[in-house]
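A.B. asks: Just passing along the structure, written as C-alpha cells.
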Amino acid sequence: MKSGLKYTQSFGKCSEQDTTFSHTCSQRAVGFGVRRQQRERGYPLRAASANRTVAPGRFAPVTGRPAPVRLSRSVQKVAALKSSKRSGTAENCSRETGCQAFVFGWMRSASRTKMGAFFIPCRPAACGFECSRQMDPGRFAVWKERKEVKEMNTLVIVLIAAVCLLGAYTFYGRWLANKWGIDPKAKTPAVVHEDGRDYVPTNGWTVFAHQFSSIAGAGPVTGAIQAAAFGWLPVLLWVLIGGIFFGAVTDFGALYASVKNDGKSMGMLIEKYIGKTGRKLFLLFCWLFCGIVIAAFADMVAGTFNAYGADGALVEAAQTNGAAGMVSIMFMVFAVVFGLLQKNLHFTGWKENVISIVFIVLSFVVGANFPIILGKAAWSYITFVYIFFAAVLPMWLLKQPRDHMTTFMFVAMIVGAVLGLIVNHPVMNLPVFTGFTNAKLGTMFPILFVTVACGAVSGFHSLVSSGTSSKTVTNEKDMLKVGYGAMVLESLLAVIALCVAGASAAADGTPADGTPFQVFSRGVASFFVGFGLDQHFASVFMTMCVSALALTSLDAVARIGRMSFQELFSVDDMEHAEGWRKLLCNVYFSTFLTLAFGFLLTKIGYANIWPLFGSANQLLSALVLATLCVFLKVTGRSNKMIFPPLVIMLCVTFTALVQRLIAM
C-alpha cells in the first residue's frame, strides 16, 4: 500500500516516453498502472526503491528488471492521459478537455459502483482518443485549427429559408387573408372597368408571373450580395424576418387595398384616406423614385450587354453578351406574337405554357447563332425604346406575355441554382458576422436594411401591386398568391443569391471579384456546366437571366412612372380640363417625360444612383405602410400587424436620412 502511495505521489514527476506502446505515456505512469494491476491480482510488488525487483513468480522471472506484465488498452490510455496532464504535455491529446471530462467523469461514477477505476467498458476508438506519439506537431496544429472552424453548408441555409417562407405563406399569409376578408364572389376592378389596356381580366397564375417578374429585379441579387459585407447571418435573418413580416405584408396589403378600391393606385388611395396634399406629395415622390429605378436598372442592362471595354477593344465575353442581347430582343418580338395568339385563340393551361416554352427555346436558338455586338451607349438606346413601348402598349400585347415567358426562365434559374447547391453542397465561405460597422458601407443599422432592399421589403413592390396587378386580378382569392406568394419567392431568390456568393468566395472569406450580377451569374452558370451543359450556353442563359431581372422591373416601373405622372396632374373632369393639363396627362407625352428624366440620371452612373434607390425605396415602403394602417382602421379591419413594420421602417428611414445629412 505504501509503495502504491509512493508511486501516486511521484506520478507527475516523470515525462519520459515509453517506446513500448504507441501512445504517449510516462514510464512511471505505466509502472504505476502495472503495480495497481499486480496488487489487484495478488502479485508481489517491487519495493519503493528503483533498484529493487519483484519476487520470482509466474510472470516475473528474476532478471533485475520490472516484470513485463501485459497491460489492458484502457490502463494504457488512462495512464497516458493522466501523465500528459500532469507533465504539461496535454496538447498531445486531441480535445484534452473532452477526454478528461469523459474518462475521469466515468471513473468517479465507476468508483461509486465498486467497479475498477481503470475499467473502461468500451473500445478505445469509441472513446475518441487520438493520442499517438507519432503525430507531427505541425500537422496536429493544422488539424486542431480545422477542427475548431465551424463550417456552414449552403444547402442547409437554403432549406431553412425554404421551410420558413413556405410555412409563413401557409399559415401567416392565410391568417392575414382571413383576418382582412376575401370574397371570391366579388367582382374585381379588372372585370368592372375592363378597357383592354390597363384593366384586363387575367388568369391568376399569369398575374402571379407578372407580379414576380416585375418585383424580382436587380434588388434581391444585388442587395443581398452587397450587404454580405456585414456577414451572411445578418443578411439571412433580415431577409427571412423582413420578407415574412414586412415585405409580404406590404405587397399583399397594397394589392388588397387597391382591389377593394376599384384598382386605385397608392397615390389615389392616399387622397381618399389621408388628403389631396398627401396624394400630390406621394405621387411626386413616386415619380422621382421611378426615374431613379429606370436609371439604375437601364444602366445595369446596357452594361450587361456591352461588348466593348473602356479602351474600345472587344471584351472576352463579347460573344456571350451579344448573344444575350439578341435573346432579349427576340423575347420582345415573340412576346408580341404570343400576346396576339392569346388574344385571338384564347390559349389557357398547358397550351399557354407549351407556347411560352417554345418561344423561349426559339429565342435562345436565334440569339446564340446571331449575336449583336454593340457598345453600352447603343444598348442604352435600345433599352429605352423597348420600355417606351412597354409603357404605352396594352398589357396583354407585350407586358403580360413577356412576363409569362420570363417567369419560366426565372424558375429554371432558381431550380438550377438549388440543384447545384444540392449536388455540390458547397461551404459558405463568407464570414458569419464581421461587426456592426463596415469601413465601406457604414453602420449596420440602417445600412443593412437599406442595402438588402427588395429581398426583404420594398416600397416599389406596392407600386406594382396597386398600379398594374390590381387591375388584372380576376378573382380576389388570387390576391394571396400574387401579393404574399410572389414576395416570399423573391426572398428565397435573395437567399439563393447569398449562398451562391458565399460558395464563390475564397476559403479565407474574401468575396469573389466582379459586380453582384457577375458573381451570381458565374456561380449559377458553373452549376449548369457541372450538369453537362455547354459552357457558352450556360453563360448566355445566365447573362440573359440577370438582364431579364432588370428588364422586367424596367418595363413595369416605366408604366408606373407614366401613370403616376398622369395622376399628379389629372382632375376628375378631364374632358373640360385645361389644354396643358391634357397634354401632361397624355399617355405618350407623360411616358416620354418620365423616360427622359431617367435617361438623364443614367449619366450619373449606377454606383452613384443605387444608394439613392435604397433610401428612397425604404421611405416609400414606410409611406405605404402608413397608408395601409389608415385604410384598415377606417374600413374596420385589424391593423395591429402593420404597426411593428411601420415603426421599424420609419426608424430606418429617418436614421439613414440623418446620416446622409451629416455626411454632406
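A.B. asks: Just grab the label-to-label distance for residue 350 and residue 533, each label 7 Å out from Cα along the Cβ direction, in nm (one decimal).
C.D. replies: 2.5 nm
A.B. asks: What number comes out for the charge environment of residue 215, summing +1 per Lys or Arg and -1 per Asp or Glu over other residues with Cβ under 13 Å away?
C.D. replies: Cβ neighbours under 13 Å give a net charge of -4.
A.B. asks: A further question on this structure: Restricted to Cα positions, what overall size does segment 366-508 have along the principal axes? Three whole-Å values, descending.
C.D. replies: That gives 51, 44, 35 Å along the principal axes, largest extent first.
A.B. asks: Right, next: Using modelled backbone amide H atoms (1.01 Å from N, in-plane), which distant-in-sequence or interchain residues come within less than 5 Å of residue 308's amide H?
C.D. replies: Those qualifying (amide H under 5 Å, at least 5 residues apart or on another chain) are 315, 376.
A.B. asks: With r as the distance between the Cβ atoms of residue 439 and residue 574 and R0 = 60 Å, compute the FRET efficiency 1/(1 + (r/R0)^6) and round to 0.05.
C.D. replies: Result of the calculation: an efficiency of 0.65.
A.B. asks: Same structure, new question: Rounded, prolate or oblate: which fits segment 255-317, taking a ≥ b ≥ c as square roots of the Cα gyration tensor eigenvalues, rounded meaning a/c under 1.5, else prolate when a/b beats b/c?
C.D. replies: prolate
A.B. asks: In segment 168-209, whose amide N lies under 16 Å from the spot 7 Å out along Cα-to-Cβ of residue 633? List them in ranges.
C.D. replies: none
A.B. asks: Still on this structure: Leaving ligands and nucleic acids out of the surface, order 461, 346, 536 by accessible area at 1.4 Å, largest first. Spell out each step's value before the answer.
C.D. replies: Numbers: 461 0, 346 135, 536 75 Å².
Putting 461, 346, 536 in descending order of accessible area: 346, 536, 461.
A.B. asks: Based on the Cβ-Cβ distance of residue 310 and residue 427, what FRET efficiency does E = 1/(1 + (r/R0)^6) give at R0 = 45 Å, to the nearest 0.05?
C.D. replies: On the way: r = 35 Å, r/R0 = 0.78.
Given R0 = 45 Å and the Cβ-Cβ separation, E is 0.80.
A.B. asks: Then there's this: So how exposed is residue 449, as accessible area in Å² (1.4 Å probe, rounded to 10)?
C.D. replies: Residue 449 has an accessible surface of roughly 40 Å² with all protein chains in place.
A.B. asks: Rounded if a/c is under 1.5, else prolate if a/b is larger than b/c, else oblate: which is segment 244-380, with a ≥ b ≥ c the root eigenvalues of its Cα gyration tensor?
C.D. replies: oblate
A.B. asks: Next up: What are the ³J(HN,Hα) values, in whole Hz, obtained from phi via the Karplus relation 6.51 cos²θ - 1.76 cosθ + 1.60 with θ = phi - 60°, for each residue of segment 218-235 in sequence order, with x given for Gly and Pro?
C.D. replies: 6, x, x, 7, 5, x, 5, 6, 5, 5, 5, 4, 8, x, 6, 5, x, 5
A.B. asks: Another question about this same structure. Would you grab the residues whose amide H sits under 5 Å from the one on residue 473? Only those 5+ places off in sequence or on another chain, please, with H modelled 1.01 Å from N.
C.D. replies: Here the answer is 190, since their amide H atoms fall under 5 Å of that of residue 473.
A.B. asks: How large is the accessible surface of residue 381 in square angstrom, using a 1.4 angstrom probe and rounding to the nearest 10?
C.D. replies: Surface open to solvent at residue 381 totals about 130 Å².
A.B. asks: Starting from the Cα of residue 281, step 7 Å toward the Cβ, then list every residue of segment 615-635 with an amide N under 12 Å from that point.
C.D. replies: 623
A.B. asks: I would also like to ask the following. Give the residue from 307, 297, 327 lying farthest towards the positive end of the charge dipole for segment 252-399; charges sit on Cβ (+1 for Lys and Arg, -1 for Asp and Glu) and the dipole is referred to the Cα centre.
C.D. replies: 297
A.B. asks: Pairs 280/343; 343/471; 477/582: which are spaced more than 29 Å apart, C-alpha to C-alpha?
C.D. replies: Violating the 29 Å limit, Cα to Cα: 280/343; 477/582.
A.B. asks: Rounded to the nearest Å, what's the spacing between the alpha carbon centres of segment 353-415 and segment 500-541? Just the number, please.
C.D. replies: Their Cα centres are 23 Å away from one another.
A.B. asks: Protein chains only, probe 1.4 Å: how do 437, 154 rank by accessible area, largest first?
C.D. replies: So the residues, ranked largest to smallest area, are 437, 154.
A.B. asks: How would 603, 351 line up by accessible area, probe 1.4 Å, largest first?
C.D. replies: The most accessible residue leads, giving 603, 351.
A.B. asks: List every residue whose amide H lies under 5 Å from the amide H of residue 442, counting only residues 5 or more places away in sequence or on a different chain, with H placed 1.01 Å from N in the peptide plane.
C.D. replies: none
A.B. asks: Which trypsin sites (Lys or Arg not before Pro) does segment 167-242 hold that lie in a coil by DSSP with at most 16 other beta carbons within 10 Å? Don't jump to the answer; show the numbers that get you there.
C.D. replies: Numbers: sites: 174, 179, 185, 187, 197; in loops: 185, 187, 197.
Passing sites in segment 167-242 are 185, 187, 197.
A.B. asks: Over segment 215-313, what is the relative contact order in percent, taking alpha-carbon pairs closer than 8 angstrom and at least six residues apart?
C.D. replies: It rounds to 12 percent for segment 215-313.
A.B. asks: So if we plug the beta-carbon distance of residue 341 and residue 183 into 1/(1 + (r/R0)^6) with R0 = 35 Å, what FRET efficiency do we get, rounded to 0.05?
C.D. replies: 0.60
A.B. asks: Viscosity 1.567 mPa s, temperature 4 °C: give me the Stokes-Einstein translational D for segment 477-542 in µm²/s, with Rh taken as the Kirkwood radius over C-alpha pairs.
C.D. replies: After rounding, the answer is 96 µm²/s.
The values are calculated or read from the model by the stated rules, or taken from the named source; none is laboratory data. Remember, predicted model here, so these are calculated numbers, not experimental data. Don't worry about glycine lacking a Cβ; one is built from the backbone with ideal geometry, like all the others, and counts go over all protein chains shown. Each accessible area value is taken on the protein alone, full model and side chains, heavy atoms only, with ligands, DNA and RNA left out. Shrake-Rupley method; radii C 1.70, N 1.55, O 1.52, S 1.80 Å.
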